[in-house]
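What follows is a short report on a single structure.
No lab work stands behind these numbers, since they all come straight from the coordinates. None of the values given here were measured: they were computed from a predicted structure. All Cβ positions, even for glycine, are placed from backbone atoms using ideal geometry, and neighbour counts span all protein chains on display.
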Amino acid sequence: MRGTAPLPIGLLALVLVGLAEPAQAAEETRVVTGRLPAHEWMDWTASLSYLHEHEQGALNREYEAQDTGGQIGLVSDLVYRRSRDVMQLRGEAGLFKDLSLFTVLSFVLADQRSLDFDQGNNCASQPNGCVDATNSTTLRDGILPGYGTQTPSTTVFRGPTRRGFEYWGLGANWAVFNQARDDTKPTWILHFETRLSLAEDMRFDPAAPTKNTGVGLGYHQFILSTFFSRRFGPLEPYSGAWAVLPVLTSGSPFSAPGVSGGAQKRLGFETGLEATLWHDQQAHHRVAYELRGQAELRLDGLEQSPMWEALSGDSSCGPNNTAACRPGVDQDNNGVWRPNPGVTHSPSYVQMGGDTGIIIQVGPHARLRSLFGLYWQQSHDLTDGSSGNAVYDVPGRRYRIENAYSWRLLIDGGVVF
């Protein structure tokens, strides 16, 4: 808490916490105070953050053959990769005592996805050997073109580079308890945020592959979280939980014809420790080490999976132009021809991992935070069978993502008044 620092009139303040996830633990329990007592000014904070994230996983395919004894087995097919760079601005101002309001703007600098033939070190153990255009099940089933051709490239699909305004967030933080005011109690923060998806929704049309470069998720997000922290000398352990509730936007790809249900809800838990390594109280200089772990449950629901762009159909596909359609892929269960929206119904799965990094405070008003993290995703089927699509959503044809992981680098610099 910094309630005694005077605030220059007209200062615009921005702060970012929680770039990769809805909550940021010890940083989340940083209290932005209001004007209490009367001689104190409100807290204002400002920061700019950058996140780089890389994720990848193996997209294996179910199959049935004599060598499986009539049972469903798995065969290698594709490798999914995604690289994403995001910059965010966030402003927060104290209103009264320990209640504050904030706003956040998220900009995607680049978002690139690709699919490659799986030609890993385990090719010899796979029933179809190293995957190429002559044996890929994705090409065989007509999901992507090129089956049976000879090509030296291992790349099957590369989506457009997406960039732009992602969402506008508004919310409030309230410290039920604040250890800076009463050192007999922990700091307990309640957090509410709404992230409005105002940008163009992500879509893909193979007839015009670079036409849509939007980064909109197709739904708004309502986030509820609560976090606790308690200082014990140089150590500050923390823990908390959050829930993300999506609400579909108007015209969302998640509400396309033939698609039913809501987007995936998310529940998460986080715990960690912030340890002060060096502190000059008089000059307000401080260096701290941060270590945290997270686990998130993504509940069954609609999602744009690693295959969503590949599954998306030609916009000209329809009853009057079946030549632009892929048999089975761009047909619903009633045989009606229409472009596949790429959205699938996913079963529940867990993602977990952790981050470690350094927090540097320079004087009473400036700080820098850098975290590096590794995360793993539970192996799971990309579809749960509810659509009944005979090409990719029935036993023996489903995709399964395995060995999925991501790494992240977060750099957050800010000022506090």
If each residue's Cβ is checked for other Cβ atoms within 10 Å, how do S316, S76 rank with the fewest at the top? S316, S76
Before anything else, pin down the relative contact order of the chain: Cα pairs under 8 Å, at least 6 apart, normalised by residue count, whole percent. 16
In what order do F372, F417, F232 fall by count of nearby beta-carbon atoms within 10 Å, going from fewest to most? F232, F372, F417
For the chain, what does -39500 (n - 2.57) per DSSP helix run (n ≥ 4), summed and divided by total residues, give at 222 nm, in deg cm²/dmol to the nearest 500? -500 deg cm²/dmol
Enumerate the residues in segment 197-238 having an amide nitrogen under 16 Å from the point lying 7 Å beyond the Cα of R181 toward its Cβ. 229
Cα centroids of segment 325-348 and segment 217-294: how far apart, whole angstrom? 34
What does the charge count around R298 come to, taking other residues whose C-beta lies under 10 Å from its C-beta (Lys +1, Arg +1, Asp -1, Glu -1)? -1
How large is the Rg to Rh ratio of segment 337-398 when both quantities use alpha carbon positions and Rh follows Kirkwood? 1.34
Excluding residues fewer than 8 positions from K185 in its own chain, the lysines with Cα under 24 Å of it are K97
C-alpha center-to-center spacing [segment 87-115, segment 295-309] in angstrom: 23
From largest to smallest, what semi-axes in whole angstrom does segment 307-417 give when each is the square root of 5 times an eigenvalue of its alpha carbon gyration tensor? 45, 19, 10
Between (1) 0.93; (2) 1.12; (3) 0.99, the structure-derived Cα Rg over 2.2 N^0.38 Å is (2)
